[in-house]
Amino acid sequence: MTVKETILLAADELGCGNRVREYFEEEGETGKKETEVLLRCFNLVENELALDYLPLYAEDEAESETGAIAYSALQRAAVRILGVRDEWGNKIPFRLFPDHLKTSPGKVRVAYTYTPEEKGTEDDSDFVLQASPRLFAFGMAAEYCLACGLYEESEVWDEKYRAALAAAYRARPARVLRSRRWA
């Protein structure tokens, strides 16, 4: 899903789709303000989803002679380190510090969740299957109305956003706990 198509979908929901389409087609001043605000709203919603609801996962290889791996050495901005494995795929212990993690020396694979980078209108979202463009559009509409001071409309869009978010949660595989027998 591209940022541009999500912005157009949110603009259609808000009733300013024609102005935003004109901006994308002509690169004029018509719809520029709406597009910029919707782009900020997209980045807010994508970041909120990644941090609070549907985490994004990544895994990187790193090598260190001392076992200290700086977070800046990872390709993305790490939020939570999930695990470290050696080059043969075995889990190895690690400790977290404010600017690095400490593990055994050598090649390792670090699994972590990350926060997405800020996007432009021509970029793709980091969410491929987990979140639909419609979910983003509802969240963007709520943020847009809030930014414009339309509080009642923002509340309506926020309810739709939360309902779509709950549906996205239900779509994720659930963990099933077996019932216990008590003697």
> Hey, any hits in region 20-43 for a residue that's touching a Gly at 6+ places or on another chain (Cβ under 7 Å) and surrounded by fewer than 17 Cβ atoms within 10 Å (Cβ to Cβ)?
Replying inline: yes
>> List the residue pairs whose Cβ atoms are under 7 Å apart, where the first residue sits in region 59-84 and is in contact (Cβ under 8 Å) with a residue 24 or more places away in the chain and within 11 Å of Val110 (Cβ to Cβ), the second is polar (S, T, N, Q) and in a strand (DSSP E or B), and the two are 6 or more positions apart or on different chains.
In response: Leu82/Thr113
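Output the residues belonging to region 68-90 that are among the small types (Gly, Ala, Ser) and under 12 Å from Ala58 (Cα atoms).
Matches in region 68-90: Ala77, Ala78, Gly83.
Out of all the residues in region 98-134, which are among the aliphatic types (A, V, I, L, M) and either surrounded by 12 or more Cβ atoms within 10 Å (Cβ to Cβ) or touching a strand residue (DSSP E or B) at 6+ places or on another chain (Cβ under 7 Å) (or both)?
First, the residues of region 98-134 that are among the aliphatic types (A, V, I, L, M): 101, 108, 110-111, 128-129, 131.
Leu101, Val108, Val110, Ala111, Ala131 - these are the residues of region 98-134 that are among the aliphatic types (A, V, I, L, M) and either surrounded by 12 or more Cβ atoms within 10 Å (Cβ to Cβ) or touching a strand residue (DSSP E or B) at 6+ places or on another chain (Cβ under 7 Å) (or both).
Hey, among the residues in region 117-163 that are part of a loop (DSSP other than H, G, I, E, B) and of a type in the set (D, E, K, R), which one's nearest to Ala58 (Cα to Cα)?
Applying the filter and picking the extreme gives Asp126.
None of the figures in this text is laboratory data; all of them are computed from the coordinates on show. On a predicted model such as this, the values are computed, not experimentally measured, just so you know. Methodologically, a virtual Cβ is constructed for each residue, glycine included, from the backbone with ideal geometry; neighbour enumeration extends over all protein chains shown.
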